[in-house]
Amino acid sequence: MVELSGNLLFAAFVFYLVAILFFGGAIRQKKGLEGSPYQNKPVRSGKIAMTLTILGFISQLGYFITRWIAAGHAPVSNMFEFITFFSIMMVGAFIIIYSIYRSTVLGLFTLPIVLIIIAYGSMFTKDVTPLIPALQSYWLPIHVMTTAAGQAILSISFIAGLIYLIKTIDASAPPKKQFFLEMILYCINAVIGFIMIKLVFSIMNYQAVFEWVDKEGNTSTLKYTLPAILGPNEWNLLTAGRMEPILEMPAILEAQKFNTVIWSFIAGTVLYILIRLITRKKAARLFHPFVKKINADFLDEISYRSVLIGFPVFTLGGLVFAMIWAQIAWTRFWAWDPKEVWALITWLFYAAFLHLRLSKGWHGEKSAWLAVIGFGIIMFNLVFVNLIIAGLHAYV
Amino acid sequence: MEKVKCECGHINPHGTILCEACGKILDEKMNQNELLDMRYEGSARRSQTYNKTIIDKVWNFFSSVKVGVTLIVVTLIASIIGTVLPQEGNLSIQIPVNQYYEERYGWFGKIYYTLGFHDLYGSWWYLLLIASIGVSLVICSLDRVIPLYKALKNQKVTRNSGFLKRQRLYSEKQIDNTVGDIEIVKERLTKKRYNVMEENGNLLAEKGRFSRWGPYINHIGLIIFLIGAMLRFAPGFYVNEALWIKEGDTLAIPGTNKEYYLTNHQFILELYDESDGEVYKEALNQKGGVVKNYQSNITLYKAEESLPGEKPKLHKLEDYQIQVNKPLKFDQYAIYQSSYRLNEIAKMTFSLTDKESGQTFGDITIDLTNPEENYDLGNGYHVELMSYFPDFQIVDGEPSTKSSKPVNPAFAFKMVTPDKPQGEVSFAAIQQTIEPMGENKYKMTFKSVDTVNYSGLTVRKDLTLPIIALGGVIFLIGVAQGSFWYHRRIWLKQENGVILLAGHTNKNWYGFAKEIETIVHGTKIPVPVDQTLLKEKKAMEGQGGKSVG
C-alpha cells in the first residue's frame, strides 16, 4: 500500500511536468490579452494542460488516501507528509482559482513551484511514523489540513504577485526593484540547489560519521550525508577519506542543518550564475515573454482574491482549530510556542495586507510585493521554524 | 454643525463628500477627471470632519488605518523577536533564568535577557501594543460604520449623472425605445439575485450589501476575544495548578478548595512495538522508542464539607483514564496528563545488623515522603532516624540536600541496642557508609527499595473560554462575510434619450464586469467599460474590436 501510494505521487509529478509544457504552449497560441473582457476562450493546449493538472491532482489524492489507509492515521504528521499535502492543496487552490479566472499563465507558474515543493518534501524521510500521544486526535487532520489549505490558497496570491512583478518590473525599473525580483528567483534557485545536491550525494551514497561533544558535554556520533563544510562542536572525523570540515560550529547550533543550508546556497548560486552566463539575461527577463499577454490588473485581482479566500481558511485552521486542539492536548489554547507565534505573525501580516489594500490603496505592485513577502513568511514557518527554531511542534 | 443640503433635496451631515442620496459631489477635493473615491461612500466621518479638542485628536489618531497598520506591523516585528530564543515560560530549567540565558547563549543571551525579551509576550509594552490595537479596532470601526450605514440607507435610485460618469465601470449610449431592453435587463438582474428598484425609468440593482458589514463584525469578534483574554486576570476566572501524585495516593485537587479529591491508581507509559503493525517498522528502527501512550488511571471523588483538620468524607464520582488529548472534565475543571516521573524511590528497607556475626535484629522501612523519627524493633532494639537528605551532597564538608526529590537519599541513623544504650551513629548513603563517631559494632544493611511512579497532572479551569470562543466565531463570521461575498451595485439612468450605465463593487471587478456583460448581452444597452483598463487596452496592439460606449 505504501509503495502504491509512492507510485501515485510519482505519477502526479509526471502529470504536472507534462502539463507545464502544455501551459507553455497555451500561452504562445493565445492572441488576445488574458484577463480582459475581450479575451479569447482558452485554446486547446490550455485545456489539455488543465486536464493533465486535474489527473495529477487525482493521482496525488490517491497517494493521500492510500497512505492514510496504510498508516492508519492522516498522513500529515511529518515533514514529508505535510509538505506533500501542502503541494496537493496548492494544486487544488490553483484549480479553484482557474475555474474562476481561466488563467493559463497562472498554471505555467504554479506547477513548477508545486514540482519544487514535492521534490523538496521527498528529501525528508518517507517512513510511515507512528503518532506520539500529543498527535493522537481527530484534530490532527482537521487542524493540519485546514491550515495547509489556507496556506496553499495564500500561496496562489504569491504566484500571481510574482507574475505581476515579472511583467511590470522591466529593464527601466529602479535597480533596487530589479535586484529584489532577482533575489526571489535566486531563493527559488537555492531550493532547487538543495534538492539537486541532496540527490547527487544520496546517489553517491555519501556518508561521513563524526564524533562530537554536545552542549551538555556528552560525546556522541553524527552522520552527515553531505560533505561537511561546517563541522559539529569538537568534531572528530571517524569515516576515512571524507572531507574535513572547514569551520566548526558551537554546540548550541545544529551544525548539520547549517551545513545543509550552506550547501543549498552554494548550489543555488552556481545554478543562478550558470543561468545568467548562458542566457546573458536577468532571470526575470527569461520569464518575461510568457507574461506579456496577461493583464496586470487581472493578476492583481487574482492575487487579492486568493488572499480573500485564503485568509479566512488560514485563520480557521492555523489559529482557531489550532487553539481548540492546544486547549485539549497542551492544556492551554495559546502557549507562545514559536510555531504558534509564527502563525500569528502570518495572520497579522495578511491582516496588514488587507488593510493597506482597502484603505491605503496599495494595489498592483505594492500588493504584489506584499504577496511575495507573505509567502516568504509561510515558507519560513514551514521550513525554518520546524527545522531550526522548533518547539512543541517539532516532529522531524 | 451646519448640515449640507444637496440639490436633490437630501440633507447631509456636515463633512459629507458625496451626497448620501444621489451621489453628487459636495466636497470636491479630487481631480475632475479621476474616478471617484468610493471608500465609505464618501460619507461624513468624524475623524475627517473634526480636529479641535483633545478628544478629536485622540479619536483621529486611533481612527487612522495608517496607525492601525503601524500597530499591527510593530506587534508583528516584536513577535518575531520573541521567537529568536525560547521564552522563559516554555523552559523547564533548574537554574535561575538570567544565568540560563547567559550560560547557554553567551553575550547574546545576556542582552536578550536584560532587554526583557525572555518574557516578551508578557511584557507591559507588548500588552500595551495589543491594547492599542483593541482601541484602534473600536474607534476605526465606529468612525466608519455609522456614516457608511447612513449613506447606504439613504441612497436613492436616481443618481447624479456626474456620480455615474466617474464610476470605474461606465458606459453611455443614445438609444430610442428602450422599454423592452430594460425589461429584459430587469429580469436578468432579478435572476442573478439583485434587488432591483425602479424610479422614473431609472434602475438601482444591488446585492450583497451585508458583506459591507463583514469587517465591522470581525472587529467586534476580535474585541470580544481580547476582552476574554483580559478576563483571565480577574479573580475566579482562571485556575492553573500542577498536581504531582504518586501511584496509590489520594490527594485534594489543588485549585478546587478541597472540594474534589483524586486517587491515582496507576501511571502507564507504553511504547510502540512490532504488534502495532509492519508499516511502522522502519521508522521505529530509525528512531528507537516512540511513545504510544501516557495514561493515569484515576478515581475522582467529591468531598463533603468538613471541619478544619477533620478527614473529609469522599463520594466517588467516576473512574477515568486520563490520557494526552483526553482530559478528565468535571464541574468547570479539566485535568490533563502533562508529565510523569518513573521509578522514583518511595521506600527503603534496612536491617539492623551485627557486623561481626551478621545477625540481624529486624528491618525498618522508611517511607521517604513521610519518614518517621523512631523505629522500634522490640527486645530493646530501636533505630532513630536523626536526619534525612533526599538528594545528598557534601558542600564544604557539611552534608546537605540538592533538592527535595529522592534522587540520592542518605540517612543518619542512631542504632540503640541493649549493649549500646547510648546508641551508635551511622551515616548511610547509596554505596557508602560513614561512621562519624568511630568504629561501630552494628550497621544498617541496605535491603531493598520500593519504587513508585508519579503522574504529573495539570488542573485547569478557564471560564474565559466561552467568551474567547464567542469572539472567535463572530470574527470568523465577519471575515467570511466580508471575504466571500461582495457588494455590487448597478445604476441605470435615462436622461434625454441617453442611457447611462454604471457599476460599483467593493471587490472582484473582473467577475463583476463579466456579470454585467451577460446581463446586457443582446440588448441595446451598452456593455460598461472598465475605465482603469482603457489605458492598458489602448497600449495593446490589435485590440478593441468592440466599441467603447
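The values are calculated or read from the model by the stated rules, or taken from the named source; none is laboratory data. Everything quoted here is computed from the prediction, not taken from an experiment. Don't worry about glycine lacking a Cβ; one is built from the backbone with ideal geometry, like all the others, and counts go over all protein chains shown.
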Within segment A:119-146, the residues that are closer than 30 Å to residue A:305 by Cα and either without any contact (Cβ under 8 Å) to a residue 60 or more places away in the chain or more than 14 Å from the chain's Cα centre (by Cα) (or both) are A:121, A:139, A:140, A:141, A:142, A:143, A:144, A:145, A:146
Regarding residue B:262, is this residue touching a strand residue (DSSP E or B) at 6+ places or on another chain (Cβ under 7 Å), in contact (Cβ under 8 Å) with a residue 60 or more places away in the chain and within 11 Å of chain A (Cβ to nearest Cβ)?
no
Every pair of residues 6+ apart whose Cβ atoms lie under 7 Å, when the first sits in segment A:314-340 and is more than 18 Å from residue B:333 (Cβ to Cβ) and among the hydroxyl-bearing types (Ser, Thr, Tyr) while the second is surrounded by 22 or more Cβ atoms within 10 Å (Cβ to Cβ) and modelled with pLDDT of 95 or more
A:315/B:479
Could we say that residue B:85 is surrounded by 17 or more Cβ atoms within 10 Å (Cβ to Cβ), in a loop (DSSP other than H, G, I, E, B) and either at negative phi or more than 10 Å from chain A (Cβ to nearest Cβ) (or both) here?
yes
Any residue in segment B:174-182 that is modelled with pLDDT under 90, of a type in the set (Asp, Glu) and in a helix (DSSP H, G or I)?
yes
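Yes or no: residue A:362 in a helix (DSSP H, G or I), surrounded by fewer than 23 Cβ atoms within 10 Å (Cβ to Cβ) and hydrophobic (A, V, I, L, M, F, W, C)?
Working: in a helix (DSSP H, G or I): no; surrounded by fewer than 23 Cβ atoms within 10 Å (Cβ to Cβ): yes; hydrophobic (A, V, I, L, M, F, W, C): yes.
So residue A:362 fails the test.
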For segment B:463-539, which helices (runs of 4 or more DSSP H) that fit wholly inside it have 1 or more residues that are under 20 Å from residue B:34 (Cα atoms) and within 12 Å of chain A (Cβ to nearest Cβ)?
B:509-520, B:533-539
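Yes or no: segment B:402-410 includes at least one residue that is part of a strand (DSSP E or B) and exposed (fewer than 12 other Cβ atoms within 10 Å of the Cβ). Lay out the reasoning, then the answer.
Going residue by residue through segment B:402-410, those that are part of a strand (DSSP E or B) are B:408, B:410.
Subsequent filtering for residues that are exposed (fewer than 12 other Cβ atoms within 10 Å of the Cβ) retains none.
No, that holds for no residue.
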So which residues in segment B:99-124 are farther than 20 Å from residue A:338 by Cβ and either in contact (Cβ under 8 Å) with a residue 24 or more places away in the chain or at the interface with another protein chain (Cβ under 10 Å from one of its Cβ atoms) (or both)?
B:103, B:106
Tally time: how many residues in segment A:316-348 are more than 19 Å from the chain's Cα centre (by Cα), within 17 Å of residue A:380 (Cβ to Cβ) and either in a loop (DSSP other than H, G, I, E, B) or of a type in the set (S, T, N, Q) (or both)?
1
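May I ask you to say which residue of B:326, B:292, B:258, B:281 is modelled with pLDDT under 90 and either more than 32 Å from the chain's Cα centre (by Cα) or within 21 Å of residue A:327 (Cα to Cα) (or both)? Before you say what the answer is, go through the steps one by one.
Values: B:326 fails: modelled with pLDDT under 90; B:292 fails: modelled with pLDDT under 90; B:258 fails: either more than 32 Å from the chain's Cα centre (by Cα) or within 21 Å of residue A:327 (Cα to Cα) (or both).
None of the other options fit; the residue is B:281.
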Keeping to segment B:195-233, report how many residues are without any contact (Cβ under 8 Å) to a residue 24 or more places away in the chain, assigned by TED's automatic domain parsing to the domain that holds residue B:177 and not polar (S, T, N, Q).
1
Condition first: crowded, with 17+ Cβ neighbours inside 10 Å, touching a residue at least 60 places away in the same chain (Cβ under 8 Å), under 30 Å from residue B:70 (Cβ atoms) and under 49 Å from the mean Cα position of the chain (by Cα). Can you find one or more residues in segment B:180-194 that meet it?
no
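Among what's in segment B:296-316 and is touching a Phe, Trp or Tyr at 6+ places or on another chain (Cβ under 7 Å) and in contact (Cβ under 8 Å) with a residue 24 or more places away in the chain, pick the residue that is farthest from residue B:274 (Cα to Cα).
As a first pass, look at segment B:296-316 and keep what is touching a Phe, Trp or Tyr at 6+ places or on another chain (Cβ under 7 Å): B:296, B:298, B:300-303, B:314-316.
If we keep only those that are in contact (Cβ under 8 Å) with a residue 24 or more places away in the chain too, we end up with B:296, B:298, B:300-303, B:314.
Numbers: B:296: 24, B:298: 29, B:300: 35, B:301: 38, B:302: 42, B:303: 45, B:314: 43 Å.
In this case the residue turns out to be B:303.
Within segment B:448-458, is there a residue that is part of a helix (DSSP H, G or I), within 11 Å of another protein chain (Cβ to nearest Cβ), surrounded by 15 or more Cβ atoms within 10 Å (Cβ to Cβ) and modelled with pLDDT of 90 or more?
Initial filter on segment B:448-458 (part of a helix (DSSP H, G or I)): none.
The answer is no; no qualifying residue exists.
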Across segment B:105-132, which residue is modelled with the lowest pLDDT among those that are among the polar types (S, T, N, Q) and under 30 Å from residue B:60 (Cβ atoms)?
B:123
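Filter segment A:80-129 for residues that are within 14 Å of chain B (Cβ to nearest Cβ) and assigned to a helix (DSSP H, G or I) and give the result. Step through it out loud before you land on a result.
Filtering segment A:80-129 down to residues within 14 Å of chain B (Cβ to nearest Cβ) leaves A:80-81, A:96-103, A:106, A:124-129.
If the condition is that a residue be within 14 Å of chain B (Cβ to nearest Cβ) and assigned to a helix (DSSP H, G or I), then A:80, A:81, A:96, A:97, A:98, A:99, A:100, A:101, A:106 are the ones that fit.
Looking only at segment A:199-221, which residues are hydrophobic (A, V, I, L, M, F, W, C) and assigned to a strand (DSSP E or B)? I'd like the intermediate steps shown before the answer.
Taking segment A:199-221 and keeping what is hydrophobic (A, V, I, L, M, F, W, C), we get A:199-201, A:203-204, A:208-210, A:212-213.
Once the filter is applied, which keeps residues that are hydrophobic (A, V, I, L, M, F, W, C) and assigned to a strand (DSSP E or B), segment A:199-221 yields A:208, A:209, A:210, A:212, A:213.
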Look through A:54, A:117, A:95, A:100 and report the one residue that is within 24 Å of residue A:160 (Cβ to Cβ) and crowded, with 20+ Cβ neighbours inside 10 Å.
A:117
Qualifying residue in segment B:429-443 (condition: touching a Lys or Arg at 6+ places or on another chain (Cβ under 7 Å), in contact (Cβ under 8 Å) with a residue 24 or more places away in the chain, part of a strand (DSSP E or B) and closer than 27 Å to residue B:346 by Cβ):
yes
Listed residues A:161, A:150; which is crowded, with 20+ Cβ neighbours inside 10 Å, at pLDDT 95 or above and within 12 Å of chain B (Cβ to nearest Cβ)?
A:150
Answer yes or no: is there a residue in segment A:222-238 that is within 14 Å of chain B (Cβ to nearest Cβ) and part of a loop (DSSP other than H, G, I, E, B).
yes
Evaluation of residue A:334 against (1) surrounded by 20 or more Cβ atoms within 10 Å (Cβ to Cβ); (2) more than 7 Å from chain B (Cβ to nearest Cβ); (3) within 30 Å of residue B:242 (Cα to Cα) (one fails), failing number
(1)
Can you pull out every residue in segment A:67-79 that is away from every other protein chain (no Cβ under 12 Å) and surrounded by 20 or more Cβ atoms within 10 Å (Cβ to Cβ)?
A:76
